[in-house]
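The values are calculated or read from the model by the stated rules, or taken from the named source; none is laboratory data. Just so you know, these numbers come straight off a predicted model, no measurement behind them. Using ideal geometry, Cβ is built from the backbone for each residue, glycine included, and neighbour counts are taken over all protein chains shown. When the accessible area is computed, the model is the full protein with side chains, heavy atoms only, and any ligands, DNA or RNA have been set aside. Shrake-Rupley method; radii C 1.70, N 1.55, O 1.52, S 1.80 Å.
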Amino acid sequence: MSNQSGRFGIHGGQYIPETLMNAVIELEQAYNFYKNDKAFNHELEQLFNEYAGRPSRLYYASRMTEDLHGAKIYLKREDLNHTGAHKINNVLGQALLAKKMGKTRLIAETGAGQHGVATATAAALMGLSCVVFMGEEDTRRQALNVYKMRLLGAEVISVKTGTGTLKDAVSEAFREWTSRIADTHYCLGSVMGPHPFPTIVRDFQSVISREIKAQILQRENKLPDYVIACVGGGSNAMGSFWHFINDKSVKLIGCEAAGRGINTPETAATIATGRLGIFHGMKSYFCQDNYGQIAPVYSISAGLDYPGIGPEHAYLHDIKRASYVPVTDEEAVNAFEYLSRTEGIIPAIESAHAVSHAIKLAKTLSRENIIVITISGRGDKDCAAIARYRGENINE
Amino acid sequence: MSRIINAFKNNKAFIAFITCGDPDINTSLNIIREAARNGADLIELGIPFSDPTAEGPVIQEANLRALNSGITTDKIFDMVRTLRLEINIPLVFMTYANVIFSYGSEKFIRTCSEIQIDGLIIPDLPYEEKNEFLPTCEKYHVDLISMIAPTSEKRIAMIASEAEGFIYIVSSLGVTGVRSEITTDLDAIIQSVRKHSSLPCAIGFGISTPQQAAKMARIADGVIVGSAIIKIIAKYGREAPEYVGEFVKSMKDAVLNISD
């Protein structure tokens, strides 16, 4: 959907220092070659199937469907992938690409730690060295993932600048890439940043909607009415939406983290509260003040705690092809508990944002309607934090 | 002749960078006055940004101090209005694309022209995206300064041939900050630039000592120093203007006195 300079409508582009321009041009050229290369695609498919455990299940949530007395609900189980989230799809693609490009070192940012763990995993698998930048606040919220990355052989750098969260980790990864380009690939974790990252990440994640489409047609012999996914930068949502964009009957809904509410400063809901800006290499919507200073956003979910949104989502919002709704911490935690009790599936707190909106929506629909919710990751990493949110005194 | 070209006309130029509002706006005013009085030929005025992705820790912290002091783009415009009553050397703004875009590109650049800002340096605006601001800059006669990096290679011809004001040569990979040694073959880069542009070339990133400044002045038309000045400001706070003045004098002397 992007044009040659990586624009999605007015969004996207390459707003980065001159020092990095040749690196992104080199990446784009390599990607344009390998995306049509049979051997590359075969190798990636093998990795998806044999290593990551794809295709992921499309599970009919019968108890949830019964309980809500509304639409039929299916869960796309990205939480069952190796490393426990959709992040591995993109990482295997980018790591393989980096290796073909002759790079020997991966760097990555991480919020909740899922993308960091996935990158460390792919680096271990492919014999690449790995450095992950993680906000200091997030290293506390997701201490177990920090240990996992180290266990996998990666170096984790705690980022103390700014708010010590995902945006600062992204900034620090860009700074690192600027200082070391020749042997290093920046394995960006979402559909954001400068062109060609939003396109590359979307393509590698589009396996989600390709599978959903085939699976739902086989099960129901029709397309779903709704596809719902959570959105921070927006990679699992973009992957879930992609193969449905031309199927106009399928409504696409992205669930943003409203934190303590979109009328409070403690929110990360970009579409609901942000405005057009230029940051982290792209033109898109960002939470910011009147002078363009990026807002210190907040969400209980470290993975959605980002002040921007990928440029293709901004475009889908502009043309009204997808809609974006805010979901608060409290609503997400309720959904986290609900899905655990009702289906025996503990979703990532990120994914719980999508579950929350689906619960509301399903009740307004009938059994004729089908909702697919992407469960982008599993919730083991969140259990201690949610317990604390509920006032339990628990350590990881 | 533009103020910028004029600044490079006679001698090697010394360019000082400061972050406006660090530690407060009055101190910034006095630092700029002292820098100009002690021989700075051009001053880069940094408008702070919450997330300066091209800066090392020293300037990142300056941005934070400035924002915490309550500085805004409008207050910086007012400071420049005051400065322009007494200072005639070229002044350029250094800031990130979002600060300009969010203010309203037209309003921001028109104001630059009104308060006699001579140019804009935008580290996250490469050649490919310059049309974001270039038509407006041309309309209001504000130079959009181009940067050339050690990685630019084949891009040099394209960037240099369309450059305005002066050409900012980035000395080395990475973000801003003091470096003990600069190993890039800057001579070769500048020779390549000169094939495509007659504009003055100034080298920045990592220069902190008179020795380094003199070395750079031998191959370029000017030397840009930021982090080393910011460090002085961080150390002396409101007492900094005097110390920055002394430092600027030592650097200016070094670039003027470059015979081996």
Legend entry - Per-selection metrics, region B:63-110 (Cα): Rg and Dmax in Å: 11.9, 30
Inset, instruction - Treating cross-link reach as a plain straight distance, find the lysines whose alpha-carbon is under 28 Å from the alpha-carbon of B:Lys215, omitting any fewer than eight places away in the same chain. - result: B:Lys9, B:Lys12, B:Lys154, B:Lys195, B:Lys231, B:Lys235, B:Lys249, B:Lys252
Inset, instruction - Could you tell me what fraction of 2.2 N^0.38 Å the Cα radius of gyration of chain A comes to, as a two-decimal ratio? - result: 0.90
Legend entry - Carbon + sulfur, % of accessible area of region A:39-148 - ligands and nucleic acids excluded, 1.4 Å: 50 percent
Inset, instruction - Keeping all protein chains in place, calculate the accessible area per residue for region A:77-171 (probe 1.4 angstrom), answer in Å². - result: 29 Å²
Legend entry - Rough spin-label spacing in nm, given labels placed 7 Å along Cα→Cβ, for A:Leu223 and A:Asn22: 4.5 nm
Inset, instruction - For region A:232-305, run through the trypsin sites (Lys or Arg not before Pro) and keep only the ones in DSSP coil with at most 16 other Cβ atoms within 10 Å of their Cβ. - result: A:Lys248, A:Arg260
Inset, instruction - Keeping all protein chains in place, calculate the accessible area per residue for region A:310-396 (probe 1.4 angstrom), answer in Å². - result: 39 Å²
Inset, instruction - Could you order B:Asp24, A:Asp138 by accessible surface area, starting with the largest, using a probe radius of 1.4 Å? - result: B:Asp24, A:Asp138
Legend entry - Interface B:A - total buried accessible surface [probe 1.4 Å, Å², rounded to 100]: 2900 Å²
Inset, instruction - Would you mind telling me the share, in percent, of accessible area of chain B contributed by carbon and sulfur at probe 1.4 angstrom? - result: 48 percent
Inset, instruction - With label points built 7 Å along Cα→Cβ from the Cα atoms of B:Glu162 and A:Ile319, find their separation and express it in nm. - result: 2.7 nm
Inset, instruction - Express in whole angstrom the spacing between the alpha-carbon centres of region A:268-314 and region B:123-145. - result: 24 Å
Legend entry - Those lysines that a straight Cα-Cα span of less than 22 Å connects to A:Lys320, excepting residues fewer than 8 apart in one chain: A:Lys213, A:Lys248, A:Lys251, A:Lys283, A:Lys360
Inset, instruction - Using only Cα atoms, locate the centre of region B:209-243 and the centre of region B:49-66, then give the distance between them in Å, rounded to an integer. - result: 17 Å
Inset, instruction - Assuming R0 = 60 Å, can you tell me the calculated FRET efficiency for the pair A:Glu337 and A:Lys35, based on Cβ-Cβ distance, to the nearest 0.05? - result: 0.90
Inset, instruction - Would you please give the FRET efficiency between B:Lys75 and A:Arg275, computed as 1/(1 + (r/R0)^6) with r the Cβ-Cβ distance and R0 = 22 Å, to the nearest 0.05? - result: 0.50
Inset, instruction - Report, in deg cm²/dmol and to the nearest 500, the calculated mean residue ellipticity at 222 nm for chain B, where each DSSP H run with n ≥ 4 adds -39500 (n - 2.57) and the sum is divided by the residue count. - result: -13000 deg cm²/dmol
Inset, instruction - Multiply the residue gap between B:Ala234 and B:Asn257 by 0.36 nm, knock off their C-alpha separation, and tell me the result in nm, one decimal place. - result: 5.4 nm
Legend entry - Cβ-derived FRET efficiency at R0 45 Å, B:Ser198 paired with A:Ala124, nearest 0.05: 0.25
Legend entry - Nitroxide proxy distance, nm - points 7 Å out along Cα→Cβ at A:Lys360 and B:Lys107: 3.3 nm
Legend entry - Minimum 20 Å² accessible area buried by the other protein chains, region A:176-209 residues, probe 1.4 Å, relative to alone: A:Thr178, A:Ser179, A:Ile181
